[in-house]
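Read through the structure below, which is laid out as structure tokens, and then see the notes.
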Amino acid sequence: MINAHGMAKERMNENYDPNRTYDPGNRKTILVHGVPLPEMLDEQMIHDVVHGFYDKIRADELLGPIFNGAIDNWPHHLRMMCDFWSSGFLRTGRYDGQPLQPHLIIPDIGEEHFRRWLTLFRATVHDVCPEPVADLFMNRSIRIAHSFRLAHAFHHGESTLGICPILEDSL
């Protein structure tokens, strides 16, 4: 089944390699929302998600011009996003920024932009990750997108009452 953006809605695991070896290092069990983090989630997988996602973003007709216009130093941004996800999931503490601030100054972004962002992110995590890790990434990204949508609307003096989360099954 193909959605309105030409993306297949079913899981897109053609790039996922079930025989890949994972390196959790010497980490202790990490809980994310009370659930143990799958050991298969490692720095390489985070790198592959971040780089694969931003490859899609940069080429996208809707989001490419926004991101390419806002980001001057792509290598730095990609490292920062790897640090963001690594800190959130692997508890590395490498990211200490404020991810919301740069997004608040972008004018005229709305649900269609966040929906497209989530669609591209969904395609990427389902290409790169086994299902339990893809689900973790999607749950977190949906919460981030909703938080950013609310903050953006509030910052620009818009009502937040009608803003509902964009759920994965609606992509």
Cβ-Cβ distance below 6 Å, separation of 6 or more or different chains: which pairs start in region 99-128 with a residue that is of a type in the set (G, A, S) and end on one that is open to solvent by 10 Å² or more (accessible area, probe 1.4 Å) and at pLDDT below 95?
A123/M7; A123/M12
For region 97-113, what are the residues that are under 11 Å from R149 (Cβ atoms), open to solvent by less than 30 Å² (accessible area, probe 1.4 Å) and in a helix (DSSP H, G or I)?
H113
Going residue by residue through region 127-148, is there one that turns out to be of a type in the set (S, T, Y) and open to solvent by 50 Å² or more (accessible area, probe 1.4 Å)?
yes
Across region 124-159, what is the number of residues that are of a type in the set (D, E, K, R) and closer than 18 Å to I30 by Cβ?
3
Picking from I166, I144, the residue that is outside any loop (DSSP other than H, G, I, E, B) and either within 30 Å of M40 (Cβ to Cβ) or among the polar types (S, T, N, Q) (or both) would be I144
Of the residues R122, R116, only one is more than 19 Å from Q44 (Cβ to Cβ), in contact with a Ser or Thr (Cβ under 9 Å, 6 or more places away or on another chain) and in a helix (DSSP H, G or I); which?
R122
Please name all residue pairs, on different chains or six or more residues apart, with Cβ atoms under 9 Å, provided the first residue is in region 35-61 and is over 18 Å from W74 (Cα atoms) and the second residue is surrounded by 16 or more Cβ atoms within 10 Å (Cβ to Cβ) and aromatic (F, W, Y).
L37/F89; L41/F89; L41/F137
The condition from (1) charged (D, E, K, R); (2) under 18 Å from R122 (Cβ atoms); (3) without any contact (Cβ under 8 Å) to a residue 12 or more places away in the chain that R79 misses is numbered (2)
Tally the residues that are β-branched (V, I, T) and in contact with a helix residue (DSSP H, G or I) (Cβ under 6 Å, 6 or more places away or on another chain), restricting the search to region 127-161.
2
How many residues of region 160-170 are surrounded by 11 or more Cβ atoms within 10 Å (Cβ to Cβ) and over 12 Å from E111 (Cβ atoms)? The answer is 3
How many residues does region 149-159 contain that are under 18 Å from Q101 (Cα atoms) and either open to solvent by 50 Å² or more (accessible area, probe 1.4 Å) or of a type in the set (V, I, T) (or both)?
6
Is it the case that some residue within region 1-13 is at pLDDT 95 or above and open to solvent by less than 60 Å² (accessible area, probe 1.4 Å)?
no
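The values are calculated or read from the model by the stated rules, or taken from the named source; none is laboratory data. Predicted, not measured: the structure shown is a model, and the values here were computed from it. In this analysis, Cβ positions are derived from the backbone assuming ideal geometry, glycine residues included, and neighbour counts consider all displayed protein chains. Ligands, DNA and RNA are stripped out before the accessible areas are found, and what is left, the full protein with its side chains, is counted by its heavy atoms. Shrake-Rupley method; radii C 1.70, N 1.55, O 1.52, S 1.80 Å.
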